[in-house]
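Data first, discussion second: the structure below is written as structure tokens.
The values are calculated or read from the model by the stated rules, or taken from the named source; none is laboratory data. Please read all numbers here as calculations on a predicted model, not as lab measurements. Cβ placement follows ideal geometry from the backbone for every residue including glycine, while neighbour counts extend to all protein chains displayed.
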Amino acid sequence: MQTKGLPEKTLLKELESRLVRDFTYGSGRIVGSMCTSPHPLARKVYGRFLEKNLGDSGLFPAAAEIEDETVGMLGTLLSNPEASGHIVSGGTEANVLALWTAKRLAKKTNCEVIVPASAHCSFDKAADLLGLKIVKIKLNKRFQVDVGAVKKAVNPNTIAIVGIAGTTALGAVDPIDELSELALERSLYLHVDAAFGGFVLPFLKDLGYNVPDFDFSVPGVCSITVDPHKMGLAPIPAGGILFRNAKLRKKMSWDIPYLSGGETEHATLVGTRSGASAIAVWTVMRHLGREGYRRIVKNCMRLTSMLVEEIPKIEGLSTAMEPVMNIIGVKSDVLDIRRIAEELRLRKWAISLFPRHLRIVIMPHLQEEHLEVLLQDLNRITNELRG
Ligand SMILES: Cc1ncc(COP(=O)(O)O)c(C=O)c1O
């Protein structure tokens, strides 16, 4: 740090010129992210209430009340108004909290957690952090976890099963009802990672899509991750961890005696945490309402269908599976998918590469004209690669 401070004007100018190098959602070039430009009203309230610290909730009881109401709205969205939980830093923290809770409930050593091979890498982080053995289960042809293989993997050390409602790679939804049957039969904790799907599937259902039950309507589900900073249009950081009831949530309770507001409980991984995040989620959910999110999801699905129709028209390309939500896998049986990703990145597309496919996430910042340019580039690149 320099000794003498710099004027605001100088710093803002430097920031403007330096940060111009970053991608922006508005450019339409980010086609591989699960985040998007936050809703303008959410930005506004986030900026206004920055000093709220939910890590000292006794100081900010009104903000804590808003967090509770936000959790209530998320719970209602996921078929359980009684759900209890927190707005956390993101899907990773939410998944850590779920497995941590499962471990504390199990009260044993040598614990194992069964996850689908498609599980987000946050489960690897969580397992390492918590000293759990992670057992990864193969997928079926529809990229869902193979429930038969899950059954075979359960043993006396198993404490929890994880199902995904909207996989990171392809947006597939695991058969949560079947996982629930197994979990109830074997008295196992069942966590559903709906970090992405939680803000998509309920609205797809409203729109008449055939959506399997994936949330608290399934009896064995103990907790759900649902991230407002993905399809919820909230500013980063805003993840959500919901437990079926307050009794379960209380398994994660730490006494923090020094807090100046007098409240002494923490139930999250981090201590000091953003009240502005919870307030922004509360605001954007109430502002958009179910109708607003439905409209957004409907438009994302319209663009998804458009791409799904156009991609196979490009020689050498096909889609990895019929999308369940606004995530498209693009694969090739004849061309090197890594080379296609490299060429797209050289042309300034921000796209995700998985071992066998490219992932396009149709987020609300994308418009038809952006996707038309993407299709043109894909056409050019595949022509060049074919020689
Ligand atoms: C299914 C799923 N779970 C969890 C996460 C982790 O979320 P975060 O990056 O907010 O920690 C992601 C991120 O993409 C995800 O796709």
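Look at the range 294-321: where a residue is more than 15 Å from residue 203 (Cβ to Cβ) and a partner is of a type in the set (Gly, Ala, Ser) and not in a helix (DSSP H, G or I), sitting 6+ places away or on another chain with Cβ atoms under 6 Å, you get 312/318; 316/332; 317/332; 320/329. Among the residues of the range 164-179, just one is surrounded by 22 or more Cβ atoms within 10 Å (Cβ to Cβ) and away from the ligand (no atom under 14 Å from the Cβ), namely 179. Could you tell me whether the range 253-263 includes any residue that is more than 16 Å from the ligand (Cβ to nearest atom) and among the charged types (D, E, K, R)? Yes: one or more hits.
If I ask for residues that are surrounded by fewer than 23 Cβ atoms within 10 Å (Cβ to Cβ) and either within 11 Å of the ligand (Cβ to nearest atom) or among the charged types (D, E, K, R) (or both), which ones from the range 97-108 would you list? Steps first, please.
Step one: of the range 97-108, the residues surrounded by fewer than 23 Cβ atoms within 10 Å (Cβ to Cβ) are 100, 103-108.
Scanning the range 97-108 gives 103, 104, 107, 108.
I'm trying to understand the selection: among the residues of the range 1-44, which are among the β-branched types (Val, Ile, Thr) and either under 22 Å from the mean Cα position of the chain (by Cα) or modelled with pLDDT under 95 (or both)? Walk me through it before giving the result.
Narrowing the range 1-44 to residues among the β-branched types (Val, Ile, Thr): 3, 10, 20, 24, 30-31, 36.
The answer is 24, 30, 31, 36.
Select from the range 171-186 the residues that are part of a helix (DSSP H, G or I) and within 22 Å of the chain's Cα centre (by Cα) and list them in ascending order. I'd like the intermediate steps shown before the answer.
Filtering the range 171-186 for residues part of a helix (DSSP H, G or I) gives 176-185.
Of everything in the range 171-186, those that are part of a helix (DSSP H, G or I) and within 22 Å of the chain's Cα centre (by Cα) turn out to be 176, 177, 179, 180.
Right, residue 90: within 16 Å of the ligand (Cβ to nearest atom), on the phi > 0 side of the Ramachandran plot and touching an Asp or Glu at 6+ places or on another chain (Cβ under 9 Å) or not? So residue 90 passes the test.
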